[in-house]
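Derivation of every value follows stated rules applied to the coordinates shown; laboratory data play no part. Because the structure is a prediction, the values reported are computed rather than measured. Heads up, the Cβs are rebuilt from the backbone with ideal geometry, glycines too, and the neighbour counts pull from every protein chain shown.
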Amino acid sequence: MTSPTTTNGPAAPNAAPAADPDATAAANADPSAATVLTGPADLDQGIRDDPAAHRVLTGDRPTGPLHLGHYFGSLRNRVHLQRLGVEMFLVIPDYQVITDRDLADHLAEHTENLVVDYLATGIDADRATIFTHSSVPALNQLLLPFLSLVSVAELHRNPTVKDEIAHSSQAAVNGLMLTYPVHQAADILFCKADLVPVGKDQLPHLEIARTVARRFNERYPHPDGTTVFPRPRALLSAAPLLLGTDGGKMSKSRGNSVPLAADEDTTARLLKGARTDTERRIGYDPVGRPEVSNLLLLAGLCQDRAPEEIAEEIGDGGAAALKRTVTEAVNEHLRPIRARRAELAADRGHIRQVLRTGSERANAIADATLTEVRAVMGSL
Ligand code: TRP
């Protein structure tokens, strides 16, 4: 028989302590100890050789439509990983969004739309497992032993949670908000994912997931010395960050993004309203002219060209010509995606079925992991 991890995790024998080179170095949970993979080079090198040895888990909060920033920053990368042959898990964390009551409206609609966006951009539902947090009880039960491994001070120190609290309109911080990084550790570890594509803001959470995995493994090894959980690594996108149309951080909630689902006229209107500057000559200078450069970058991403080259073509055409170019580039690039999107959105029955299938699969894996966890803890 194989080790327990091979039946319920990626094919790689992550159980051997020697396979985790930083297991001892990271004894003091230093964020710099997290392995962060960034570029396609890094990534492909390790993954191409043996895609079946990896399992990717990531997720998006069901709080609104996905936009161009998500698409170029992460969705495309996921599709690439899936095409390389890596198994993909996509969690829609509905138990995370209720940490902030203002964000938790229209949950069902946002959840379905996320699935539509995933499939329209190329995620293959036959090979990916797409599921909501709340539909997988055993995943959530992992939270209980995990919480016992983390101190209250550690929870209070988490910079991303602090930031979320600062931006929240809620009068008081609720318990779920404070503990959600541990919840996220359960999202990642229930399926023994070893790669987690995330934005930089999520690195503190990933560090908690790594800490939880390490402490659990130390405290509850299998009798033969193997361990239950891999130590997940963050996968940062190599794509440069897109700014919103106001020059700030692009965000679902700030009204400064172009949703994938927007029609061509809306896209034109949103981009026409983008902030630029008064210089007629268009040039790519991300530090000196961030707004203009951001539009050039967006056009470049859509056309797979260098932003400098596009700037050269526009020359003295000014902001109006720049915006026409970007609008055309975006609409053209998104046209096939939007067409697929419209078809998928018309068949809600299919979308629900994708979630049901994903949830069944996630439940089977979560049940097996929880059984293993209870066994090493000595629960009867
Ligand atoms: N916290 C992530 C966000 O705010 C979403 C998320 C939930 C997630 N669970 C996850 C991301 C697990 C990666 C892995 O965007």
Query raised in the report: So which trypsin sites (Lys or Arg not before Pro) in the stretch 121-163 end up in coil per DSSP with only 16 or fewer other C-beta atoms within 10 Å?
Result: Arg127
Query raised in the report: Can you list residues whose amide H is under 5 Å from Ile130's amide H, if they're 5+ apart or on another chain and H is modeled 1.01 Å from N?
Result: Leu90, Gly358
Report task. Would you kindly calculate the translational diffusion coefficient of the chain, applying Stokes-Einstein with the Kirkwood radius from alpha carbon pairs, for 25 °C and a viscosity of 0.890 mPa s, and quote it in µm² s⁻¹ without decimals? Result -> 111
Report summary line: Within the stretch 297-312, the residues whose backbone N lies under 16 Å from a label point placed 7 Å from the Cα of Arg281 along the Cα-to-Cβ direction are 308-312
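Assign one of three labels to the stretch 181-299, namely rounded, prolate or oblate, based on the Cα gyration tensor with a ≥ b ≥ c the square roots of its eigenvalues; rounded applies when a/c is under 1.5, prolate when it is not and a/b is larger than b/c, and oblate otherwise.
On the way: a/c = 4.10, a/b = 2.89, b/c = 1.42.
Because a/c hits 1.5 or more and a/b exceeds b/c, the stretch 181-299 counts as prolate.
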Requested in this report: Go ahead and estimate [θ] at 222 nm for the chain from helices alone: -39,500 (n - 2.57) per DSSP H run with n ≥ 4, summed, over the residue count, rounded to 500.
Outcome: -15500 deg cm²/dmol
Report task. Determine the equivalent ellipsoid of the stretch 169-220 by diagonalising the alpha-carbon gyration tensor, then write out the semi-axes as square roots of 5 times the eigenvalues, largest first, rounded to whole Å. Result -> 22, 15, 9
Query raised in the report: Leu178 label point, 7 Å along Cα→Cβ, cut-off 16 Å on backbone N: hits in the stretch 87-114?
Result: 99-100
Query - Counting DSSP beta bridges with both ends in the chain, the antiparallel % (nearest 5) - result: 10
Query raised in the report: What list of ³J(HN,Hα) values in whole Hz, one per residue of the stretch 184-191 in order, does the Karplus curve 6.51 cos²θ - 1.76 cosθ + 1.60 (θ = phi - 60°) give from phi, with Gly and Pro shown as x?
Result: 5, 4, 5, 4, 7, 7, 4, 9
Query raised in the report: Karplus couplings for the stretch 259-275 from phi (6.51 cos²θ - 1.76 cosθ + 1.60, θ = phi - 60°), rounded to Hz, Gly and Pro as x?
Result: x, 4, 7, 5, 7, 5, 5, 5, 4, 4, 5, 4, 6, 5, x, 5, 6
Query raised in the report: For the stretch 289-328, rounded, prolate or oblate, judged on the Cα gyration tensor with a ≥ b ≥ c (square roots of eigenvalues), a/c < 1.5 rounded, else prolate if a/b > b/c?
Result: rounded
Query raised in the report: Are there trypsin sites (Lys or Arg not before Pro) in the stretch 264-340 that DSSP puts in a loop and that have at most 16 other Cβ atoms within 10 Å, and which ones?
Result: Arg280, Arg281, Arg305
Report summary line: Diffing the stretch 200-206: the Karplus 3J(HN,Hα) column from phi (6.51, -1.76, 1.60, θ = phi - 60°), in whole Hz with x for Gly and Pro, holds 3, 5, 8, 4, x, 5, 5
Requested in this report: Any lysines with Cα under 20 Å of the Lys249 Cα? List them, leaving off those in the same chain fewer than 8 positions away.
Outcome: Lys162, Lys200, Lys272, Lys323
